[in-house]
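The values are calculated or read from the model by the stated rules, or taken from the named source; none is laboratory data. All values reported here derive from a predicted model rather than from experimental measurement. Ideal geometry is used to build each Cβ from the backbone, glycine not excepted, and the neighbour counts take in all protein chains shown.
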Amino acid sequence: MGAICNAFWLMEFGRFVFGIGGESLAVAQNTYAVSWFKGKELNLVFGLQLSMARIGSTVNMNIMGWLYWKVQDLFSSTGHTTLGIALLIGGTTCIFSLVCALILAYLDKRAEKILCKEQGKTGEVIKITDVKDFSLSLWLIFLICVCYYVAVFPFIGLGKVFFIEKFKFSSQAASAINSIVYVISAPMSPIFGILVDKVGRNIMWVICAVVGTLTSHLMLAFTFWNPWIAMCLLGVAYSLLACALWPMVAFVVPEHQLGTAYGFMQSIQNLGLAIIAIAAGMILDSRGYFFLEIFFSSCLCLALIAVVALYFVNLFRGGDLNWSARKREKLQKLAMAEKEI
């Protein structure tokens with residue numbers, strides 16, 4: 001409506017509301033995932049979540065421009081009115097999302113009755129002060145999350161012009177290579193989810209993902225090799241990290257704190273992205289793309305240091321985050337048997 005009425009303030013307010021809903025949705029999705037799926041299934045579920053999100057991102061990046069021109073041709077109008085109609089059509093996907101959420105709520109209530117689940121009645125009170133009880137392992141996971149994603153999303157946001165300026169790509173070719181990260185992550189995320197489920201060793205997979213992403217940025221910064229190689233590597237590493245990193249939260253916090261933990265993780269990530277996006281723009285304007293790539297590489301080096309620190313902290317505390325899938329499953333069965341006794 002803001003675009004149709006040519007009211008930019010209304011568009012900003014709509015974006016604010018959309019941001020609140022979208023980020024709350026991400027927290028709710030993660031909490032639902034760890035509520036419905038346990039153990040070795042969890043990595044696959046997070047992979048499928050990322051896959052569906054990236055399919056949506058890819059479709060949006062390639063469809064909305066085409067939709068705008070179709071609306072312009074159909075209504076013979078230009079400017080803000082055409083933009084508003086295109087956004088309204090795109091916004092209908094939120095209705096489908098709402099329907100899915102209502103169905104999920106019904107299924108969750110039904111499962112609670114059938115399985116006698118006492119969700120939210122564990123005797124523990126959920127408080128924001130739970131944050132002070134978070135373990136060092138969880139804080140390191142938060143740090144890895146922030147330092148990694150600030151080197152991916154802001155880069156993709158600025159990447160199109162980078163490929164045009166450094167590699168002399170056409171606008172269409174630059175858009176194609178810039179979106180390849182999302183295109184790759186859509187099919188690869190479930191595959192990596194299954195792989196991590198079968199193998200375990202989450203921390204080792206996170207190390208591989210961070211090293212792969214760092215290699216990709218260094219290739220783009222210091223070489224003129226075909227950038228498709230670096231971007232495909234980035235897409236693979238990005239898919240792998242999500243499948244291995246996010247499920248680890250469920251391994252280090254009690255179930256009644258999962259919503260708080262995932263919400264805090266999402267908040268820290270978004271704060272980091274907001275700050276780094278501004279910093280990246282300033283670096284780009286004053287120093288150019290080479291120094292911007294150095295900056296992103298530095299963030300990934302911090303992420304790598306945090307992963308190595310997590311490995312040793314976890315090792316000293318029993319090594320559960322880096323257990324093999326077989327060992328984790330065996331110990332979970334023993335724990336369930338003890339509860340039944």
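Below are the figures for this structure:
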| item | result |
| --- | --- |
| Output for the range 232-259, where each listed residue is without any contact (Cβ under 8 Å) to a residue 60 or more places away in the chain and either crowded, with 24+ Cβ neighbours inside 10 Å or within 16 Å of the chain's Cα centre (by Cα) (or both) | Gly235, Val236, Ala237, Leu240 |
| Unmet criterion (only one of (1) touching a Ser or Thr at 6+ places or on another chain (Cβ under 6 Å); (2) surrounded by fewer than 20 Cβ atoms within 10 Å (Cβ to Cβ); (3) among the aromatic types (Phe, Trp, Tyr)) for Trp228 | (1) |
| Given (1) without any contact (Cβ under 8 Å) to a residue 60 or more places away in the chain; (2) part of a helix (DSSP H, G or I), index of the condition Val308 fails | (1) |
| Spans of helices (runs of 4 or more DSSP H) in the range 1-103 with at least 1 residues closer than 26 Å to Leu321 by Cβ | 8-36, 42-75 |
| The lone exception for Gly65 - which of (1) modelled with pLDDT under 80; (2) surrounded by 14 or more Cβ atoms within 10 Å (Cβ to Cβ); (3) not hydrophobic (A, V, I, L, M, F, W, C) it fails | (2) |
| The range 128-180, residues that are outside any helix (DSSP H, G or I), under 21 Å from the mean Cα position of the chain (by Cα), closer than 22 Å to Asn202 by Cβ and of a type in the set (Gly, Ala, Ser) | Ala151 |
| Pairs, first over 28 Å from Thr58 (Cβ atoms) in the range 87-114, second surrounded by 10 or more Cβ atoms within 10 Å (Cβ to Cβ) and at pLDDT below 85, C-beta under 7 Å, six or more apart | Ala111/Lys117; Glu112/Gln119 |
| Answer from Phe251, Phe290, Phe224 - the residue that is in a loop (DSSP other than H, G, I, E, B) and modelled with pLDDT under 95 | Phe224 |
